[in-house]
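The values are calculated or read from the model by the stated rules, or taken from the named source; none is laboratory data. From a predicted model like this one, the values you see are computed outputs, not experimental measurements. Cβ placement follows ideal geometry from the backbone for every residue including glycine, while neighbour counts extend to all protein chains displayed.
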Amino acid sequence: MGASGKRIAIYPGTFDPLTNGHVSLIRRGFDVFDSVLVGVAADTGKNPLFSLEERVQMVKEVFAREPRASVEPFSGLLMDFARQKKCKAILRGLRAVSDFEYEFQMGLMNRRLHPGAQTIYMMTDYKWLYISSTIIKNVAELGGDIRGLVPESVERRLMEKYRQRRENPL
């Protein structure tokens with residue numbers, strides 16, 4: 001529960017970019033929680049295609065008409081962010097067994113860092129089982145069709161980003 005007494009979950013990720021798998025999980029989170037705070041991670045350990053500001057904006061655009069969703073960037077440890085937001089539930093998605101190993105380790109470390117917080121795992125909807133942000137970026141970069149795998153606004157941004165890169169290679 002958050003400071004307001006409402007059941008609030010943080011759904012953390014890099015969202016580089018937001019996929020329909022992410023959107024589905026957030027929407028399903030509304031069945032369990034009063035609201036979902038989408039925490040967009042600044043510290044990704046990766047080289048993101050989109051800036052932190054762009055990633056936050058994409059999520060905000062997709063959920064602009066959904067009062068149960070809020071979006072905030074965060075840096076540093078997720079559990080520090082959870083404490084700051086007085087949130088005790090972390091929502092995570094699982095696609096496959098390979099996700100489970102990583103998520104299990106991360107969940108245990110997070111519990112050690114913040115024993116009062118619980119990690120709640122939801123299985124990805126079967127139709128999004130095979131997609132990831134990385135696969136989406138790879139297909140988009142090579143000109144493949146990603147319609148229906150990401151929100152339309154995200155698809156437009158991806159296509160524009162790769163068009164700019166082709167026209168202005170570094």
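Structure values in brief
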read-out	value
Single residue of the stretch 103-129 satisfying the filter (among the aromatic types (Phe, Trp, Tyr) and over 16 Å from the mean Cα position of the chain (by Cα)) that is farthest from Val23 (Cα to Cα)	Phe104
Selection count where residues are modelled with pLDDT of 95 or more, among the charged types (D, E, K, R) and either more than 30 Å from Arg166 (Cβ to Cβ) or in a strand (DSSP E or B) (or both), scope the stretch 1-51	4
The one condition in (1) farther than 19 Å from Ala42 by Cα; (2) modelled with pLDDT of 95 or more; (3) aliphatic (A, V, I, L, M) that Leu94 fails to fulfil	(2)
Pair list, Cβ under 6 Å, 6 or more apart: the stretch 130-156 residue surrounded by fewer than 19 Cβ atoms within 10 Å (Cβ to Cβ), other residue acidic (Asp, Glu) and part of a helix (DSSP H, G or I)	Ser153/Glu61
